[in-house]
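The values are calculated or read from the model by the stated rules, or taken from the named source; none is laboratory data. None of the values given here were measured: they were computed from a predicted structure. Neighbour counts are summed over all protein chains in view; Cβ atoms, including those assigned to glycine, are modelled from backbone coordinates with ideal geometry. SASA here: full protein model, heavy atoms, side chains in, ligands and nucleic acids out. Shrake-Rupley method; radii C 1.70, N 1.55, O 1.52, S 1.80 Å.
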Amino acid sequence: MKNRFLAGVATTLLASALSVAAASADVLDTIKERGTLIVGVKADYKPYGFLDTSGNVIGIEPDLAKDVADKLGVAIEYVPVVSSNRMQFLEQGKIDLMIATMTDRPDRREVVLIPDPNYYSSGTNILSLKSLGLTEWEDLRNKPVCGIQGAFYNKATSQNYGAEIVAFKGTAEAYSALKAGNCAAFVYDDSAIVAKTNDPEWADYEMPLQTIDDAPWGLAVALGEENFAQMMSDMIIDWHKTGRILELETKWGVTNTPFAKAMNEKYNQ
Amino acid sequence: MDVIYEWFRLLYQETGINLPFLYDEYDRNRMVDGFLTTVWLSLVCLFFSVIIGVIGAWLQGSSFKWTRRFVNGYIQLFRNTPPLVQLYFFYFAIGTLLPRVENDWGGQSPILGSFAWAAISLSFFAGAFNVEIFRSGIEAVPKSTVEAAEALGFSKLQIYRDITLPLAFRVVLPALNNNLVNLVKTTTLAYAIAVPEMLYEANQIWSDNVNVTEMMIFLLLAYFVLVGVLVGAMNRWERAMKIPGYG
């Protein structure tokens, strides 16, 4: 047992020592040799990546990943990831590609390789009762607005628009307080709110405002995989150009986001 | 005043000790509001929990079996459940069952907000302990004293109000002190149902500025001072009420 453990450690060390050299061997060759593309996607973020009733991973991001596999002419395998392990999985080589609702940030670019341009984007918006008829952020002034404790947009919402933030620990409490009428609205990620508005239980609610604080999402490959990254850059441009992102949004019941529309226009000029 | 505020901004730039609730006006207002909410919530809860304690202890001595049972049931329920669970229960379970009223922004909101529920829940929680504390004081009043009052023709209420309670009060003050100190500290739980008290505002500030260490130290000192003031006041009161030769 101990020997096997030591052997495992030795192999890991050897592998990491060789990984610089292995990088030049190119993950694209490995994928083609293996015959499958292994992609890390979310399984709890409807509609971007979630499980269907029989347990298969489906959604916008799995569909995008399938496009990549088709282009390479290989089969696809999905590995569910969460925010806290997605970059580690990529570093360890457990997955070849990660498309997992990750916000593109400079510190993350030091750990993984994020090809440009960004494929998607999400920002801040609110969920509120249709009957309130809110139309702009200024309408929130002096109204209680539910939020999540620790979210960076709480301060902006209260400072710029005068809303009284009522922040809860988790989303469940915030949704429950909104439903109970303790707040006029719930300020949160627009991508999560979009999913809520499609839920029949939330049929009386809407996402009425212009999204603010837009932050782009980046898909990622392991550091050093320049060829793969180059290929992904071309693919992302292609997705924007052909309107594939817009098409997938429609397919999964998301109203076309301003970012996807703008990118589509930009690459069709 | 501005000189002092600017000094703290300099302190941050020079040493990295970040106290935004001193130099940033927005954060300062948040912190002051949080402090006032904590003080106000504490005062409301102190007042009502003592009232509940006094009335509860009186009802416990009632000659009706069901009144005594009711008070005991209340004590068991509130003493044997965690205050955080009670807060959630009141706010999310009871709160949503109550009728709704039209609010000023055109929606329907529950009749009681988070502050009201925190005040109710914490008063009942500390009140349950206070009933037992007052009972201990009442039982410490010699039976002969009560009998003497009865012989003088005092009614039951008069005996409780004018004889038993004043004597009992002097006996229970140390225990009551303890419970009220705990109550002030328990108001931090109201953070869970988004009552904007000190801990809540501190959390908002540290999530915007990532200065958790400084805020934690500040919170600790703030509560130390706040509870210190309460304890000081209670001790003075205790001395002022002292009857020479009694207790």
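Would you be able to tell me the number of residues in region B:104-131 that are more than 8 Å from chain A (Cβ to nearest Cβ) and buried (at least 16 other Cβ atoms within 10 Å of the Cβ)? Break it down into steps so the answer makes sense when it comes.
Narrowing region B:104-131 to residues more than 8 Å from chain A (Cβ to nearest Cβ): B:104, B:111-112, B:115-131.
From what is left, the residues that are buried (at least 16 other Cβ atoms within 10 Å of the Cβ) are B:112, B:115-131.
Of the residues in that region, 18 qualify.
Among B:V32, B:V85, B:V39, which is within 19 Å of B:L183 (Cβ to Cβ) and open to solvent by 60 Å² or more (accessible area, probe 1.4 Å)?
B:V85
Considering only strands (runs of 3 or more DSSP E) fully contained in region A:119-192, which possess at least 3 residues that are more than 10 Å from every other protein chain (Cβ to nearest Cβ) and open to solvent by less than 20 Å² (accessible area, probe 1.4 Å)?
Numbers: elements: A:120-129, A:144-148, A:164-168, A:185-189.
Passing ranges, in order: A:120-129.
List pairs: first in region B:176-198 and under 16 Å from A:A174 (Cβ atoms) and of a type in the set (G, A, S), second open to solvent by 20 Å² or more (accessible area, probe 1.4 Å) and assigned to a helix (DSSP H, G or I), Cβ under 8 Å, 6+ apart or cross-chain?
Close Cβ pairs satisfying both conditions: B:A192/B:L84; B:A192/B:Y88; B:A194/B:S114.
Give me the helices (runs of 4 or more DSSP H) completely within region B:13-98, filtered to those with at least 1 residues that are aromatic (F, W, Y) and within 14 Å of another protein chain (Cβ to nearest Cβ), ordered by residue number.
Numbers: elements: B:20-23, B:25-60, B:65-79, B:83-88.
Passing ranges, in order: B:20-23, B:25-60, B:83-88.
Checking the conditions here, which among A:D107, A:D70 is more than 18 Å from A:A215 (Cβ to Cβ), more than 16 Å from the chain's Cα centre (by Cα) and surrounded by fewer than 15 Cβ atoms within 10 Å (Cβ to Cβ)?
Values: A:D107 fails: more than 18 Å from A:A215 (Cβ to Cβ).
Only one candidate qualifies: A:D70.
Restricting attention to helices (runs of 4 or more DSSP H) lying wholly within region B:139-239, give those where 1 or more residues are open to solvent by 20 Å² or more (accessible area, probe 1.4 Å) and more than 30 Å from B:Y12 (Cα to Cα). Reasoning before the result, please.
Numbers: elements: B:143-151, B:165-186, B:198-209.
Fully inside region B:139-239 and qualifying: B:143-151, B:165-186.
What tally of residues in region A:213-269 results from selecting those that are farther than 23 Å from A:L90 by Cβ, modelled with pLDDT of 90 or more and small (G, A, S)?
1
Sort out which residues of region B:111-138 are touching a residue at least 12 places away in the same chain (Cβ under 8 Å) and not in a helix (DSSP H, G or I), and write them in order of number.
Just the residues of region B:111-138 that are touching a residue at least 12 places away in the same chain (Cβ under 8 Å), to begin with: B:111-112, B:114-115, B:117-138.
Of everything in region B:111-138, those that are touching a residue at least 12 places away in the same chain (Cβ under 8 Å) and not in a helix (DSSP H, G or I) turn out to be B:I111, B:L112.
Taking B:S49 as meeting all but one of (1) farther than 21 Å from B:L230 by Cβ; (2) at pLDDT 95 or above, write down the number of the exception.
Here B:S49 meets the rest and fails (1).
Restricting to region A:198-227, count the residues that are farther than 27 Å from A:L97 by Cα, open to solvent by 40 Å² or more (accessible area, probe 1.4 Å) and either within 12 Å of another protein chain (Cβ to nearest Cβ) or not in a strand (DSSP E or B) (or both).
Residues flagged as farther than 27 Å from A:L97 by Cα, open to solvent by 40 Å² or more (accessible area, probe 1.4 Å) and either within 12 Å of another protein chain (Cβ to nearest Cβ) or not in a strand (DSSP E or B) (or both) within region A:198-227 amount to 8.
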